[in-house]
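Inspection log for the structure reproduced underneath, given as structure tokens.
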Amino acid sequence: MVDRALRVGLVGAGENTRRRHIPGLRAVAGVEIVGVANRTAESTDRVAREFGIEVRYPDWMSLVADKSLDAVVIGTWPNLHCEVTCAALAAGKHVLCEARMARDLADARTMAAAAEAHPNQVAMLVPSPFGLECDQEISGLLYGNLIGDLREVVVVGADDQFHDYSKFLHWRQDSTISGINVLTLGILHETVSRWVPQPTRVFAQTQTFEPVRPNPNGPGNLKVTVPDSVQILTQYANGARGIYHFSGTTLLGPGKQVVLYGSLGTIKILFGEHDRLYYGRKIDTELREIQIPPEKLGGWRVEAEFIGAIRGEEPVKRNDFATGLKYMEFTDAVIRSAQSDSPVPLPQ
């Protein structure tokens, strides 16, 4: 239990940190954002000025070593998540790490082991924002057996984010930074895993349609090392089957959605600015949109949950490192399946 002001440091201050974590932390009473360490001294100064943060650390190591800090929020790219997380936990800090959990499964396992070695410290991952609004309503439909036996799972994340190959190489297209994390594969699999058990087998294929992009840091082109198209077949313990489709080069694509087909009914979720939930049964001629009552409507409360867990007021519900390890195992299996052109069993 911590009953004094909590002192938090920021390692990395990307879009999600600026848009969500900083306002979210400041909305919780008794929390002070003490300092920041960004990629460069210039970007650190810029963030500190923008948000009125007092201390500007020369690097993340200096921030983690500051004994006056209680917690570290890691908003870097995935290639630094493992190193910073392990160092922060070893230094006695609570950790909130940005998604995706890690660069690869080996790093994720190292992080999970570090969290287990420090059970008195909170180790939390930023969850997928998709489905938070409708999660309770969907769980109620499934718990009430209103779709019957699960038969098919369809997960889609297909848009034209990377269709224009004249744009600079994005960090998500660079495996040295993003690791095995591909498009919205991990974030949507995490979302559907709130409602559906982990698959027992995956069979995947990938493609990169535009193999080079302009270098954002100099002349010439760089190789695209993360696929821009992924298709996956999944199997589940109860005999259900799944289809996953992810693409960054789909013109006028369907966007992000999940459909759960059962023996008695169907649930469809469309993700956008707000979740839109549809449901239909055998007696219906089409899916009907469900208006979620206010008392069941969920939402983003990541920072409040993190601070509440530190203070002993609530457990970490989304996401602990065990949850992250599961979605990293799935992502790793997808990549290994595509590379070997053969099915890969889960769990690993």
Pairs where the first residue, in the stretch 9-34, is closer than 17 Å to S128 by Cβ and the second is of a type outside the set (D, E, K, R) and at pLDDT 95 or above, C-beta under 6 Å, 6+ apart: G14/G75; T17/G75; H21/V73
Selected residue (only one of L222, L169, L150 is buried (at least 20 other Cβ atoms within 10 Å of the Cβ) and more than 22 Å from the chain's Cα centre (by Cα)): L150
Scope the stretch 34-45; condition more than 23 Å from the chain's Cα centre (by Cα) and surrounded by 15 or more Cβ atoms within 10 Å (Cβ to Cβ); matching residues: V34, G35, S43, T44
Neighbours by Cβ (under 8 Å, 6+ apart or cross-chain): first from the stretch 110-130, touching a residue at least 40 places away in the same chain (Cβ under 8 Å); second surrounded by fewer than 20 Cβ atoms within 10 Å (Cβ to Cβ) and assigned to a strand (DSSP E or B): A115/D320; A123/D320; M124/D320; L125/D320
Number of the exception - G253 against (1) within 30 Å of Q291 (Cα to Cα); (2) free of Cβ contacts under 8 Å to residues at least 40 places away in the same chain: (2)
Helices (runs of 4 or more DSSP H) completely within the stretch 42-133 that count 1 or more residues being under 28 Å from D275 (Cβ atoms), modelled with pLDDT of 95 or more and out of contact with any strand residue (DSSP E or B) (no Cβ under 7 Å at 6 or more places or on another chain): 105-117
N181 vs. criteria assigned to a loop (DSSP other than H, G, I, E, B), in contact (Cβ under 8 Å) with a residue 40 or more places away in the chain and surrounded by 21 or more Cβ atoms within 10 Å (Cβ to Cβ): yes
Selection count, the stretch 87-121, where residues are within 27 Å of L183 (Cβ to Cβ) and of a type outside the set (G, A, S): 13
Failed item, numbered, when I74 is tested on (1) in contact (Cβ under 8 Å) with a residue 40 or more places away in the chain; (2) over 23 Å from F130 (Cα atoms); (3) of a type in the set (A, V, I, L, M, F, W, C): (2)
Only one of Q231, Q207 that is assigned by TED's automatic domain parsing to the domain that holds G253, surrounded by fewer than 19 Cβ atoms within 10 Å (Cβ to Cβ) and in contact with a Ser or Thr (Cβ under 6 Å, 6 or more places away or on another chain): Q207
Test: S175 is under 26 Å from G272 (Cβ atoms) and polar (S, T, N, Q): no
Strands (runs of 3 or more DSSP E) contained in the stretch 237-348 and holding at least 2 residues more than 23 Å from the chain's Cα centre (by Cα) and surrounded by 16 or more Cβ atoms within 10 Å (Cβ to Cβ): 255-262, 265-271, 276-281
Output for the stretch 101-155, where each listed residue is farther than 30 Å from K282 by Cβ and charged (D, E, K, R): R103, D104, D107, R109, E116
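The values are calculated or read from the model by the stated rules, or taken from the named source; none is laboratory data. Predicted model, so just to flag it, every value in this text is computed and none were measured. Cβ coordinates were reconstructed from backbone atoms using ideal geometry, including for glycine residues, and neighbour counts include every protein chain displayed.
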